[in-house]
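Visitor: Just passing along the structure, written as structure tokens.
The values are calculated or read from the model by the stated rules, or taken from the named source; none is laboratory data. Being a predicted model, the structure only gives us computed values, none of them experimental. No Cβ is skipped: glycine too gets one built from the backbone with ideal geometry, and neighbour counts run over all protein chains shown.
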Amino acid sequence: MTVSEVMATDVLTVRPEQTMSDLRIFMRDKRISGAPVVDNGKLVGMVSIEDLINALSECDLDTQIRYKMTTKVACLYADEPLVNCIATFSRHGYTRYPVVDRQGHLVGIVTKGNIVEGLLKKLEIEYVRTEAEINEARQRPTMRQFFEDVTADDISFIFKYHIAGQTLKDAGKAATELKHALKKLGICPPLLRRIGVATYEAEINLAAYTQGGEIIAHVEKWGVIVEAIDAGPGIPDIELAMKPGYSTASDWVRELGFGAGMGLVNIQKCSDEMELKSTVPDGTHLTMRFYYTS
Amino acid sequence: MKLNDLVKEFGLEVKTASGHLDREVKSGYVSDLLSDVLAHADEGTLWVTLHIHQNIVAVAMHKDLAGIILVQGRQPEQDTIVKAEEENIPILVSSLSAFELVGRLYKAGIRGAAAH
């Protein structure tokens with residue numbers, strides 16, 4: 001930071017050929033206690049209220065300012081670092097310092113007030129900039145932020161997918177789309193993977209063993225629920241279906257590498273809670289719950 | 001070891017996602033049961049299989065696998081290629097059999113995905 005960044009540029013000046021009487025009126029009208037003396041743009045001295053009092057006591061008011069002003073002026077250069085100016089302040093003890101360029105032209109004036117004001121402004125700019133950077137660095141408002149920002153007795157996002165039965169051609173599409181949607185909502189990758197795998201397994205089950213059904217995901221404040229609901233044929237023995245390696249898969253399903261009897265086991269492993277209800281021939285309702293961990 | 005290095009070392013044919021070969025291979029898994037892979041592979045695992053249908057892409061995507069190697073020179077189906085490009089899943093083809101390929105991958109320093 002340089003002196004020019006904090007100095008005041010609208011400086012009230014007087015000319016050396018003006019009289020002390022002019023100065024008295026000028027200082028009274030402008031309510032100032034001193035002024036730089038400038039000749040053709042160049043700083044030639046400083047005149048203060050003290051000089052005026054001396055002139056008054058000597059009845060010397062008709063004298064030109066040039067004879068009463070201080071010519072040994074402590075001034076600052078506009079391109080000087082601001083820290084230098086603090087040293088100058090403490091060295092001389094004046095309240096204001098004229099600022100000149102390297103050619104000696106008066107370009108401004110600095111008081112302690114200007115310095116404090118300049119520093120505060122700089123701090124404010126830094127502060128605003130830092131805030132802006134933090135906001136930018138912060139991820140897009142995620143769904144969890146959204147939940148914090150809005151109020152209602154109950155809020156949830158629902159994603160619904162229709163799954164065709166008896167074909168594995170498009171199997172995985174719903175789980176893939178859901179995963180992409182949840183990613184956009186800001187769910188962290190490890191949880192995203194668990195939800196993706198469990199939903200994919202459930203989707204495969206709908207596609208391979210049922211007449212088709214629906215996958216419904218509810219994104220809640222506390223976590224995600226994924227339901228897989230089908231319209232039959234239902235599971236006669238859930239305990240047996242849950243046994244690792246047990247499978248009723250048809251040949252076409254096995255040919256594709258499914259039907260290893262691991263799907264439900266894997267769903268249980270991936271989800272925090274799993275509930276499986278089934279009635280023959282009405283259908284099966286699988287509910288998987290996933291909790292946000294952080 | 002990165003996918004790129006494996007492609008060079010084992011002369012693999014890159015079928016999809018050629019822009020995503022700088023990924024580190026953290027482990028390997030060989031299986032032709034998709035549920036088995038879903039249950040036991042890890043993020044960053046390289047999967048060796050003979051399946052060429054599009055479900056392998058969904059499996060790789062959901063498990064965030066590093067890539068898939070098809071053995072015995074098997075070529076992925078067209079649907080599989082399209083989907084793999086969409087999901088940026090590298091599919092590589094080796095002319096070797098699964099046993100031969102996995103043996104060499106192991107020798108190159110790739111170890112099995114941690115058993116769960």
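Visitor: Can you work out which of the residues in the stretch A:228-262 that are away from chain B (no Cβ under 14 Å) and in a helix (DSSP H, G or I) is nearest to A:Ser278 (Cα to Cα)?
Guide: Among them, the one singled out is A:Ile238.
Visitor: Here is a follow-up. Evaluate the stretch A:65-83: report whether one residue or more is assigned to a strand (DSSP E or B), under 22 Å from A:Ala35 (Cβ atoms) and at pLDDT below 85.
Guide: No, the stretch A:65-83 has no match at all.
Visitor: Somewhere in the stretch B:63-77, is a residue closer than 18 Å to A:Gly263 by Cβ and within 11 Å of the chain's Cα centre (by Cα)?
Guide: The answer is no, given that none of the residues of the stretch B:63-77 is closer than 18 Å to A:Gly263 by Cβ and within 11 Å of the chain's Cα centre (by Cα).
Visitor: Okay, moving on. Can you find a residue that is surrounded by 19 or more Cβ atoms within 10 Å (Cβ to Cβ), modelled with pLDDT of 90 or more, assigned to a loop (DSSP other than H, G, I, E, B) and in contact with an Asp or Glu (Cβ under 6 Å, 6 or more places away or on another chain) anywhere in the stretch A:209-227?
Guide: Among the residues of the stretch A:209-227, at least one is surrounded by 19 or more Cβ atoms within 10 Å (Cβ to Cβ), modelled with pLDDT of 90 or more, assigned to a loop (DSSP other than H, G, I, E, B) and in contact with an Asp or Glu (Cβ under 6 Å, 6 or more places away or on another chain), which makes the answer yes.
Visitor: Tally the residues that are within 14 Å of another protein chain (Cβ to nearest Cβ), part of a helix (DSSP H, G or I) and either within 14 Å of B:Gly44 (Cβ to Cβ) or under 13 Å from the mean Cα position of the chain (by Cα) (or both), restricting the search to the stretch B:81-116.
Guide: Total meeting the criteria: 2.
Visitor: Mind checking which pairs have a first residue in the stretch A:254-265 that is crowded, with 22+ Cβ neighbours inside 10 Å and a second that is charged (D, E, K, R), Cβ under 7 Å, 6 or more apart or different chains?
Guide: Listed by first residue and then by second, the contacts come to A:Gly257/B:Asp32; A:Ala260/B:Asp36; A:Met262/B:Asp36; A:Gly263/A:Glu201.
Visitor: In the stretch A:171-208, which residue that is facing chain B (nearest Cβ under 10 Å) and not in a helix (DSSP H, G or I) is surrounded by the fewest Cβ atoms within 10 Å (Cβ to Cβ)?
Guide: A:Ala171
Visitor: In addition: Kindly indicate which of A:Asp51, A:Asp39 is more than 20 Å from A:His105 (Cβ to Cβ) and without any contact (Cβ under 8 Å) to a residue 60 or more places away in the chain.
Guide: A:Asp51
Visitor: While we're looking at this one, here's another question. Please enumerate the residues belonging to the stretch B:40-59 that are assigned to a helix (DSSP H, G or I) and closer than 11 Å to B:Tyr29 by Cβ.
Guide: Passing the criteria: B:His40, B:Val59.
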